[in-house]
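The values are calculated or read from the model by the stated rules, or taken from the named source; none is laboratory data. Here the structure is a predicted model, which means the values were calculated and not measured. A quick note on method: Cβ atoms are made from the backbone with ideal geometry, for glycine too, and the neighbour counts reach across all protein chains shown. We work out accessible area using only protein heavy atoms, side chains counted, and drop any ligands, DNA or RNA first. Shrake-Rupley method; radii C 1.70, N 1.55, O 1.52, S 1.80 Å.
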Amino acid sequence: MFITYLRRELVNRRKQTIIIAVGMALAIALVIIVNSVAAGVKDAQTAVLGSVYGVGTDITISKAAAAPGANGTAGPGQRFDFGPGAGSTAAGTTAVASSRLTAGRSTATFDAASLGTVTGEAGVSAAAGVLSLNNTTFDGKLPDVNRTEQGSDRAQTGDGSAPTDGPGGTGGSSFNINSFTVLGLDPSESAVGPLSSVTLTDGRTLASDDTGTDVAVLDSAYATTAGLSVGGTIDIGGTSFQIVGLVESSSGDATTASNVYIPLDVAQNLSGESGKISSIYVQATSSDDIATLKTSLEAALPDNTVSTQSDLASSVSGSLSTASTLVGNLGTWLSIIVLAAAFLIAILFTISGVTRRTREFGTLKAIGWSNRRIVGQIAGESVVQGLLGGIAGVAIGLVGVLVVNLVAPTLTASASGRVGGGFAGRGIEAAGGPGAAGGRFGQAAHAAATSDVVLNAPVTVSVILIAVALALAGGLLAGAVGGWRASRLRPAEALRSVA
Amino acid sequence: MYQLTHVTKSYSGSKNTVTALKDVTLTIPKGQMVAIQGPTGGGKSTLLQMLGALDRPTSGEVVLGDSTLSKLGDTKLARIRAREIGFVFQGFNLIPTLSALENVETALAPLGLSNEERTSRASAALESVSLGERMRHLPAELSGGQQQRVAIARAIVKNPEVLLADEPTGSLDEDTRDEIMELLEGIWREKQLTLIIVTHDSAVAKRAERRLHIKNGTVKEL
Ligand SMILES: Nc1ncnc2c1ncn2[C@@H]1O[C@H](COP(=O)(O)OP(=O)(O)OP(=O)(O)O)[C@@H](O)[C@H]1O
Ligand SMILES: [Mg+2]
C-alpha cells in the first residue's frame, strides 16, 4: 500500500516532484563540483609545497632572520670592492667580475647540532639539515677612471653607479648583477629534503662520496635559462663547480626549491657558515601526531620556528591561492545558500502539498489511518523526491567535474619559501649606453619556486555519499515538516462539505 | 450499541463560542438504522463526528460497545475507526491518484493484512457494489454514483460494527440517490450493522427505522 500510494502520488503530482527534485539536483551538483574543485586546489597546493619542501616533509625548522645590524650576525651587504688594477682594461673601459656566496637574507643560520636534537626526538623518522644560500655575481665594464676625470665635470654629478651622460660617446658603463639560489645539503640523505621529490633529467644526483667535492646539481629550468648543462661548470662564490646532474620537479611544471644544489660541507666552507644550517626537514613516523611532534620540537628548539605542512600551505600564493580562497569562501557559501534554497523549496512545496491534500489526509484519518502512517507516507514521498534530486544532482555534478577536468585550468603558484628565499634568475641589469640617460634597473624577481599547476578536480566516493546524504536529509526535513503539519489535521476535516 | 450521556460539544472561535451539541443523551441499539435530519448548522455532522470517533465531546460520555470513545487518546480512536467504523461522505472523498481498487484497499492498510488478502477482500467489496468491472479506474474516470459505490465499498470492506453516512446522496441526482439508498439498505440488512445516515432528504429519511431531528444542538425523536 505504502509503495503503491507513494508511486501514484509521485507520478500523478509530477510537477511538484520535478520542482523539488530539480532544486535538490542543482544544489547537490554544486556541492559536488565545489567539493572536488576544492580537493583539486588542495592537491595542487600539496604538489607545490612538495616541490619546494620535498615530498614526505611533515615539518620544517628554520630560524627567523635577525634584524640587520643586531649583534652583527647579519651577513655583509651586497658590496663588491675592486682594487686598483682589478680587471682588464681595453679601449678605455675596465671589465670586472666577482661572485659572492652568502646566506639567504630571509633566514638566519643556526648550529648544525640542532639536527642531532631533532633526530633524537621521539616520532621523528628522518631529518635533514640544509643551508640556503645566495650567489650573487657582479660583472661588467666600468669606464676608464683616468679618462673620465679628464673629461667633463658633469660626470662627477652622477651618484657613482652610472654616469648620466658619457663624455663624448665613450666611457659609458654596463654591468650585470646576477644572483641564483644555492642549497647546500647532505649528499647521503635522500629520504627527506628538497631533492627527495625531484626527477633526474640528466646526469646523476648527489651521492655520499660527493662530500667535500665541488660538484653541483642544477634545476633544469634554471640550467636552460643560464645556458648550462651537465659536464659544464658553474662559478659559485668564486669556485668552479662541476655540473653533474639536472633535476626537475616531479609535480608538473613546478620549479624545484633551489637553482643549484651542492654538498652541505662545501657550501658551509664557501659561505663562511661553518657548522651552520638554515633549515631542517623533518619526516614524522606517523602523520597523525604531527601536532604533538611540532610541540615537542618547539620545546627542544626554543629559538627556532617550527612549521608544519598546513602552516606552510598558507605561504602558497598566486592564482592557486586565489582559487583556494575562491573555492574556500565563495564556493562554500554558494553551496550553503543553494542547498538552503533547495531545502526551503522542498519544505514549502511539501507544506503546500499537505494543505492542498487536507481532505485526503482527513479522510485517511477518518477511515482509521494513524498519524504515524500518514507522516510516514508524506516523509516517504519527500525522501524519494529528495533522492531523485540527489541522483540527478550527482549525475550533473559529475558532468560538471568532467568539464572542469577537460578545461583543466592552469593555476600559478609561488611558495615564497622561508627555505628557498632569495633572488632567482633575472637579477639586476644596469646599462648606461653612450649618451643614454641613466641606468635601467630591471625588476628583481623575488620568487622562489614559481609553478604552473594544472587543476585536476578529483571525485571521491565519500563526496558522492555526502551529496546523497544531503539530498536524503533535505527530503527527510521536508517530510518531517510536512508530516508534522498533516499530523495536526483533525480527522473531522473529512466531513467538510465540498468546496 | 451507542450510549451517549449529556454530550455537549462547543467550538470556541476567536470571538464567540458555538455550542454545536447541547446535552445530548441518546441510545442507539446495535443493528438499528437511524436517519438524522435537521436544518443546516443544526449539529448533524457534529453528532456524527462524536459517533464516528473523529472528535471528543467537550463534556459528557460517548460509549461504543465496550469502548468509552470520549476518554480515549488519538491512537486508540484511530484503531477503533480502523476496525469498527465505516464512513461514507457527501463528497465521496476518494484519493484521486489511486484506482478504485486501491482506494478500497486504503481502508485495510491499518489492519496489517497480507497484500493478497487485502487485494482479494477489496475486489470482493467492489464486486458487492457491482463495480467489479471498474476496479482499475481512477475516481475521475467514474460517475458520481460509481464513486459513491467505491466509497461504500471502502467503508464496508473492513466489516465494521457501524456504518456512518453524512448526506451520502447529497451530491447525486434523484435516480442515483435511490440506487445508493437501496445499496446502503441492502448492506444494512445483509450485514446487520448499525447504519446512521445524516440527510436533508425526507424521502431518504422515511426509509429508516428511526428518525432523529437536530436543531440548535438539541436532539428530538420524530
Ligand atoms: N470546526 C468548527 N469550528 C467552529 N464551529 C464549527 C465547527 N464545526 C461546526 N461548527 C459549527 O457548529 C454548528 C453545527 O455544525 P454542523 O456541521 O454539525 O452542522 P450540520 O447540521 O452538519 O449542518 P449542514 O447541514 O450544513 O451540514 C454550526 O454552527 C457550525 O458553524
Ligand atoms: Mg453537515
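Shape descriptor for the stretch A:325-398: Rg over Rh equals 1.16 (Cα atoms; Rh from the Kirkwood inverse mean 1/r). You can think of it this way: the chain between B:Glu185 and B:Thr75 has 36.5 nm of extra reach, that is 0.36 nm per residue less the Cα-Cα gap. Partner aspartates and glutamates whose Cα lies under 13 Å from the Cα of B:Lys215, excluding those fewer than 8 positions away in the same chain, are identified as B:Asp23. Summing charges over all other residues whose Cβ lies under 15 Å from the Cβ of A:Ala122, with Lys and Arg as +1 and Asp and Glu as -1, gives -4.
Sorting B:110-120, B:134-144, A:216-226, A:381-391 by average packing, meaning the other beta carbons within 10 Å per residue, from highest down gives A:381-391, A:216-226, B:134-144, B:110-120. Across B:Ile85, B:Ile28, B:Ile36, mean-square fluctuation computed from a Gaussian network of chain B (C-alpha pairs under 10 Å connected) peaks at B:Ile28.
Spin-label model, B:Ala140 to A:Thr213: label points 7 Å out along the Cα-to-beta-carbon direction sit 9.0 nm apart.
Straight-line cross-link reach from A:Lys63 at under 17 Å between alpha-carbon atoms covers these lysines, not counting any fewer than eight positions away in the same chain: A:Lys276, A:Lys294. Taking max minus min of the alpha-carbon positions on each principal axis, the stretch B:53-187 gives extents of 44, 38, 27 Å, largest first. Once you divide the Cα radius of gyration of the stretch A:253-363 by 2.2 N^0.38 Å, the number left is 2.13. Amide hydrogen proximity for A:Asp219: with H placed 1.01 Å from N in the peptide plane, the residues at 5 or more positions away or on another chain lying under 5 Å are A:Val247, A:Val260, A:Tyr261. How much accessible area is lost when chains A and B come together, counting both sides, with a 1.4 Å probe, in Å² rounded to the nearest 100? Roughly 2300 Å². Counting only the backbone N, which residues of the stretch A:98-139 are under 20 Å from the spot 7 Å out from the Cα of A:Thr295 toward its beta-carbon? Those under the cut-off are A:118-125.
Could you work out the Kirkwood radius for the stretch B:109-213, taking every pair of different alpha carbons, averaging 1/r and inverting it, reported in Å?
Working: mean 1/r = 0.0684 Å⁻¹.
Taking every pair of different Cα atoms in the stretch B:109-213, averaging 1/r and inverting gives 14.6 Å.
Element breakdown for the stretch A:341-381 at a 1.4 angstrom probe: carbon and sulfur atoms account for 68% of the accessible area.
Using Cα positions and a limit of under 22 Å, work out the lysines in reach of B:Lys191, with same-chain residues fewer than 8 apart set aside. Candidates past the 8-residue exclusion: B:Lys30, B:Lys158, B:Lys206. Comparing each chain alone with all protein chains together (probe 1.4 Å, DNA, RNA and ligands left out), the residues of the stretch B:50-77 losing at least 50 Å² of accessible area are B:Leu54. Residues of the stretch A:357-400 that bury at least 30 Å² of accessible area when the other protein chains are present, relative to the chain alone (probe 1.4 Å, heavy atoms, ligands and nucleic acids excluded): A:Arg359, A:Glu360, A:Thr363, A:Ala366, A:Ile367, A:Gly368, A:Trp369, A:Arg373. Across the stretch A:176-329 the C-alpha pair distances fall into 10 Å bins from zero in the proportions 9, 33, 33, 20, 5, 0 percent. Starting from one equal scatterer on each C-alpha and no solvent at all, send me the Debye-based log10 I(q)/I(0) for the stretch B:1-130 at q = 0.09, 0.11, 0.15 Å⁻¹, two decimals. Log-scaled intensity ratios, in q order: -0.34, -0.50, -0.87.
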